[in-house]
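Working notes, structure below.
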Amino acid sequence: MRQKANPKYPDSIAVIMDGNGRWAKKRGLPRTAGHKAGFDAFVKIVDACDELGIGSLTVYAFSTENWNRSEDEVGGIIKLLNAMIPAYMPQLIEHNIRLRLFGNIEMFDKTTRKALDAAVDRLKDNTGMNLGVCLSYGGRAEIVRAFNLLAAEGKTVVTEDDISSKMFTNEIPDPDLVIRTSGEMRISNFLLWQSAYAEYYFSECLWPDFDREQLVKAFDAFATRERRYGK
Ligand code: FPP
C-alpha cells in the first residue's frame, strides 16, 4: 500500500455513487448510459484513491431496493457488470487491488456470480488497496444477517465486536469518511453499523462528473474536521 498523500486524509472511505440517472436525463440519454458513465467515473476514482494512498474504498453499486427498478434498467446494470468485470481486471491486477463483495450476491444470475467470484478469487492475494463493492446490499439486512449468524452459533448475549465480526466488511476498517454525490443528503441503508463515527461529505456533483479534483476537495474538507468520537 502507498503512503497517504496527506497524513490527515482518511484511511478508509465509502461512497454512495448517486446521480447516474439524472446525468443521463440531462443529456437525453437512457439511464443505462448514465450507469456506464458511472462505471467510468468509478474506475477513475479507484485509481485516484490508490494514488492518494487511501487504504480502503467501499462503493455502493447496487442496493437491495435497486432490484425494484425497471427490468430494463436492472438488466442494463447486470449487462454492464458482466462486460466490465473482465475488461477491468487487468487494471485491478496492475494496481495490486484486493476486491471484496458485500451483499446478497446469490441474488444475481449464475453468469454474473461466476464472473464476480472469479474476479474476487483472482485478486484475493493482492496486498494493495482494499476495494469493496456493495452489490445487492442493504445495511439493515446486513445487521440482521450478523445476528442470525451469531444466533446459529448459540450466542444469546452479543458484544459490539461480535456483531462487527459478522459484518461483510469484517476485514476492513470502518469508514472515516462517507461521500454521497448528487446533492442528496440521505444514508439510504448504507453501512449503517460501520458508519457510526464516520464523517459525511455531500457533493452536488452527479456521480459521472465526480473526478479526482472533487475527491481531493472531499479529502481536504475531511482533513479540517475535528473528530471527537462523542468525547
Ligand atoms: C445511483 O444513481 C447509481 C446506481 C443505482 C447504480 C450505480 C452503478 C454504477 C456506478 C455502475 C456500476 C459500478 C460498479 C462498481 C459495479 P441513480 O440511478 O440512482 O441516479 P438518479 O438518482 O439520478 O436517478
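Determine the pairs where a residue that is under 14 Å from Val216 (Cβ atoms), located within region 38-60, has a partner that is near the ligand (Cβ under 9 Å from one of its atoms) and open to solvent by 10 Å² or more (accessible area, probe 1.4 Å) with Cβ atoms under 9 Å apart, the partner being 6 or more residues away or on another chain.
What qualifies is Ile45/Met17.
For region 178-201, check the following and say yes or no: at least one residue is in contact with a Phe, Trp or Tyr (Cβ under 8 Å, 6 or more places away or on another chain), of a type in the set (A, V, I, L, M, F, W, C) and in a strand (DSSP E or B).
Scanning region 178-201, I find at least one residue that is in contact with a Phe, Trp or Tyr (Cβ under 8 Å, 6 or more places away or on another chain), of a type in the set (A, V, I, L, M, F, W, C) and in a strand (DSSP E or B), so the answer is yes.
What number goes with the only condition from (1) touching a residue at least 60 places away in the same chain (Cβ under 8 Å); (2) part of a helix (DSSP H, G or I) that Lys8 does not pass?
Status for Lys8: all satisfied but (2).
Give me the residue from region 51-66 that is under 19 Å from Ile187 (Cβ atoms) and in a helix (DSSP H, G or I) and, out of that set, least open to solvent (accessible area, probe 1.4 Å).
Ranking the candidates gives Asn66 first.
Out of region 40-66, which residues are more than 14 Å from the chain's Cα centre (by Cα) and within 11 Å of the ligand (Cβ to nearest atom)?
Asp40, Glu65, Asn66 - these are the residues of region 40-66 that are more than 14 Å from the chain's Cα centre (by Cα) and within 11 Å of the ligand (Cβ to nearest atom).
Name, by its number, the condition in (1) more than 18 Å from Pro10 (Cβ to Cβ); (2) open to solvent by 60 Å² or more (accessible area, probe 1.4 Å); (3) free of Cβ contacts under 8 Å to residues at least 24 places away in the same chain that does not hold for Ala196.
So Ala196 meets the others, but not (1).
Listed here are the residues, each with its yes/no results for (1) in contact (Cβ under 8 Å) with a residue 12 or more places away in the chain; (2) out of contact with any helix residue (DSSP H, G or I) (no Cβ under 8 Å at 6 or more places or on another chain); (3) among the aliphatic types (A, V, I, L, M).
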residue	(1), (2), (3)
Ser182	yes, no, no
Met185	yes, yes, yes
Leu192	yes, no, yes
Ser203	yes, no, no
Pro208	yes, no, no
Ala218	yes, yes, yes
Ala221	yes, yes, yes
Glu226	no, yes, no
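Within region 67-110, can you find the residues that are surrounded by 13 or more Cβ atoms within 10 Å (Cβ to Cβ), within 13 Å of the ligand (Cβ to nearest atom) and not in a helix (DSSP H, G or I)?
Arg69, Ile97, Leu99, Arg100, Leu101, Phe102, Gly103, Phe108
If Gln214 passes every condition in (1) in contact with a helix residue (DSSP H, G or I) (Cβ under 8 Å, 6 or more places away or on another chain); (2) open to solvent by 30 Å² or more (accessible area, probe 1.4 Å); (3) outside any loop (DSSP other than H, G, I, E, B) but one, which one does it miss?
For Gln214, the failing item is (1).
When you look at Lys166, is it of a type outside the set (A, V, I, L, M), more than 15 Å from the chain's Cα centre (by Cα) and surrounded by 14 or more Cβ atoms within 10 Å (Cβ to Cβ), yes or no?
Spelling it out, Lys166 is indeed of a type outside the set (A, V, I, L, M), more than 15 Å from the chain's Cα centre (by Cα) and surrounded by 14 or more Cβ atoms within 10 Å (Cβ to Cβ).
Is there a residue being farther than 29 Å from Trp23 by Cα and open to solvent by less than 30 Å² (accessible area, probe 1.4 Å) anywhere in region 169-176?
Checking region 169-176: at least one residue is farther than 29 Å from Trp23 by Cα and open to solvent by less than 30 Å² (accessible area, probe 1.4 Å).
Filter region 14-39 for residues that are of a type outside the set (A, V, I, L, M) and more than 9 Å from the ligand (Cβ to nearest atom); which is most open to solvent (accessible area, probe 1.4 Å)?
Checked region 14-39; the qualifying residue most open to solvent (accessible area, probe 1.4 Å) is Lys26.
I need every pair where a residue in region 130-158 that is farther than 23 Å from Val120 by Cβ has its Cβ under 7 Å from the Cβ of a residue that is surrounded by 15 or more Cβ atoms within 10 Å (Cβ to Cβ) and among the polar types (S, T, N, Q), sequence separation at least 6 or different chains.
These pairs meet every condition: Arg140/Asn189.
The values are calculated or read from the model by the stated rules, or taken from the named source; none is laboratory data. Nothing here was measured: the structure is a model prediction, and the numbers come from that model. Glycine also receives a Cβ, built like all others from the backbone with ideal geometry; neighbour counts cover every protein chain displayed. What goes into the accessible areas is simple: the full protein's heavy atoms, side chains included, and nothing from ligands, DNA or RNA. Shrake-Rupley method; radii C 1.70, N 1.55, O 1.52, S 1.80 Å.
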